[in-house]
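What follows is a set of notes on a single structure, which appears directly below.
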């Protein structure tokens, strides 16, 4: 502990950034007692006298009268133990608090904000001082040179320059709980993230940016080549999305008895409908794919068979049948499988549905899906066709009674109007919870989706 | 300390009489620059007689009042200094209002309940609350660190005037509980300011107090300013005269006279505890400092006004009185100063060393006896916090 203490300009009034030194009441070498007025400072709110925080001898004043000083910057230093002999040349003035635990009150944080006791703290720029009173007519003197220390004891080194912003986080990381949660889910170590938020806090964007940076390289490379050790094995920690996915799948597979049914259909008319939609002028900017029609098919079929859109509530011994459909779309992303959903999709028009799906997919791909968007799904479509496979036996997301796998649409020989023709054919796979949905219901539901894809226009007219 | 006026004053200087011609005449005059009020100790330290109010203190009690006044002022100055040095976010100074607070605070009996604003540091001192207790609030670390029921002193209320409703409701409650009507009955005091007198809450409190005859003293410290607005912007009639409209007595007292404040408040409290209903007390005083440390009073009032009020200082007159009457000597005054040094030193240490609150403090003081849901939430939160261990939070 150095006996020389610096005194930083405090925030004198609830969130101020700076103050102007109006008048010094003391000079270097003066002996002062605790709470003796030492300086008058004018801020945007008031001109106030600051009482001395220490008793001792003034070593140095760092600013002249008329100087504008940022809150948190040292304005003077004290020898708090003048009786202990002359100051040594090397004794540096000790800053009021070592910034080991993040910015303290009055200190500047890495982003240039000053930690204050109230509010979010002022930004480094933009503080406006209160209008100058000119009652006595005397203009405030121009800034003068800082007082030179004239004391015999010692010349003290000038105030240590404010430590440069440190990107490393030796001390605690500042982040709000939802941001911590996001970092945890993404597997991002907060200590590696550069903060840009107020008071040196890590924001949500900081985390997603850090995550994007960390995953950018593998996304660009065609395949990630694992780095194997000498034992030719690699150990990947099970965490984040992988861990969550595993927990959900296990929970679902061991509680809901799964049944999967398949249906292969001629989706040529669906493909044509998509092409015609794309050609329509007011749909020109809309991203339309067969998935949109599959989603519409599901929504219409759910309306005809509401029981597939339900939850098994074992705790209360009830099946919760839902009138609304929060339509989940499984998306493969850099960070793994996520299933955001479109809330109340059954109420959307075709166009709204298309926009919502585009939005959902883009958000997911960019890693910006909000946790709330991944909760409360009631029915899910997994579009495995994009990977070129025909179909699969999907596992139910917990709390949902059915899930549809939509496979690749490919041209195949198909008997059409009595002749073998090349047609756009796809295979649908529907898994359902046999506690709720029997084979009959599941089959009817799947068949309805098939009928829609076979003849979207007529079924839409008939069912909508 | 004991004084017991034998009859409840119904008329006389500075008091509202129920429905008389004179009230109407007074009502048109507006606030007077040199108002009439109950005074027992002049600014020169002379005892003044009053037909309705008197005190009969022992020398020891007189010295005690002086000590109270000095210590609360020193604590207040130290708190302002701590704010200026960056240790408190804000401070609301009581400087100038010590007599109103010590006089009324010492008039409270143990069983009486007080509802303060955020400026009642003197009353807090009288109620035996640790004088460091409010500083967490002014640092932003807690909402007030004392048990209101232990000291019969509610937490500071920041919402202007809201506590008058709490007080009147509480007073109606003790009335229903049958705790009123005897010599050792209970009474309630509500503190508020001249600015709050314009709040709807205060009006409602007065309506209920009057209609339900609640055992409450509505104690208004008229310190002349609602932040920057002078009292002339609050009322055209003296505040104490508003009591007539609500149907209970109002009295104006020299708020810089600790003896008068004591006598008037004690009398009003005793009336309340005996079931005689509410009283409005207007303590006519002055806020010597800024509204809070964030305010600059030089922008809205002039120095000569402040100088005038310095001549009416509540502490100087008591000291003069003690010296003239030879009730206290230099050794006593030095001992009081030494006490004040010690107590303010302790305050300084406490504030500078005050730890930041922990996140788990969120769950404290929600339910008196806890709740299973809250226990579960606390446990979840603890696990949640712990789940970040190793991520350097």
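Once you order the gyration tensor axes a ≥ b ≥ c over the Cα atoms, which shape class does the stretch A:289-350 get: rounded for a/c under 1.5, otherwise prolate or oblate by comparing a/b with b/c?
oblate
Could you put B:160, A:338 in order, starting from the residue whose Cβ has the fewest other Cβ atoms within 10 Å?
Listed from fewest to most nearby Cβ atoms, that is B:160, A:338.
Where the centre of each part is set by its Cα atoms, how far does the stretch B:94-113 sit from the stretch A:268-335, in angstrom?
The distance from the Cα centre of the stretch B:94-113 to that of the stretch A:268-335 comes to 71 Å.
Quantify how strongly other chains surround peptide B:81-94 by giving the mean number of their Cβ atoms within 10 Å of each of its Cβ atoms.
Per-residue shielding by partner chains comes out at 6.
What is chain B's relative contact order, in percent, from Cα pairs under 8 angstrom and six or more apart in sequence?
24
Classify the stretch B:42-82 from the C-alpha gyration tensor, please: rounded if a/c falls under 1.5, else prolate or oblate depending on whether a/b exceeds b/c.
Because a/c hits 1.5 or more and a/b exceeds b/c, the stretch B:42-82 counts as prolate.
Once you have a ≥ b ≥ c as the square roots of the Cα gyration tensor eigenvalues for the stretch A:281-388, tell me rounded if a/c is under 1.5, and otherwise prolate or oblate according to whether a/b is larger than b/c.
Because a/c hits 1.5 or more and a/b fails to exceed b/c, the stretch A:281-388 counts as oblate.
From largest to smallest, what semi-axes in whole angstrom does the stretch B:216-334 give when each is the square root of 5 times an eigenvalue of its alpha carbon gyration tensor?
27, 25, 11
How far is helix B:59-84 tilted, in degrees, relative to the longest principal axis of the Cα atoms in chain B, given as a value from 0 to 90 rounded to the nearest 10?
Orientation of helix B:59-84: about 50 degrees from the principal axis.
Between helix B:258-273 and chain B, what is the angle of the helix's C-alpha long axis to the longest principal axis, kept within 0 to 90° and rounded to the nearest 10?
In chain B, helix B:258-273 runs at an angle near 80 degrees to the longest axis.
Would you mind ranking B:216, A:420, A:298 so that the residue whose beta carbon has the fewest other beta carbons within 10 Å leads the list?
By the 10 Å Cβ count, ascending: A:420, A:298, B:216.
Roughly what percent of Cα-Cα pairs across the stretch A:9-68 reach past 17 Å?
Summing the P(r) of the stretch A:9-68 above 17 Å gives 37 percent of all pairs.
Residue B:352 to residue A:30: FRET efficiency via 1/(1 + (r/R0)^6), r the Cβ-Cβ distance, R0 22 Å, to the nearest 0.05?
Efficiency for this residue pair is about 0.40.
The stretch A:337-366 to the stretch B:157-181: how many Å between their Cα centroids?
If we compute the Cα centre of each part, the gap is 56 Å.
What average count of beta carbons from other chains do you get within 10 Å of the Cβ of residues in A:11-18?
Across the residues of A:11-18, the mean count of other-chain Cβ atoms within 10 Å is 3.
Taking the Cβ of each residue in B:145, B:194, B:52, B:341 as the centre, tally the other Cβ atoms inside 10 Å and list the residues starting with the fewest.
Fewest-to-most Cβ neighbours within 10 Å comes out as B:341, B:145, B:52, B:194.
How many partner chain Cβ atoms sit within 10 Å of a residue's Cβ in peptide A:45-56, on average, as a whole number?
Shielding by partners across A:45-56 averages 4.
Values quoted throughout were computed directly from the atomic coordinates according to the rules given, and no laboratory measurement underlies them. Computed from a predicted structure; not experimentally measured. In this analysis, Cβ positions are derived from the backbone assuming ideal geometry, glycine residues included, and neighbour counts consider all displayed protein chains.
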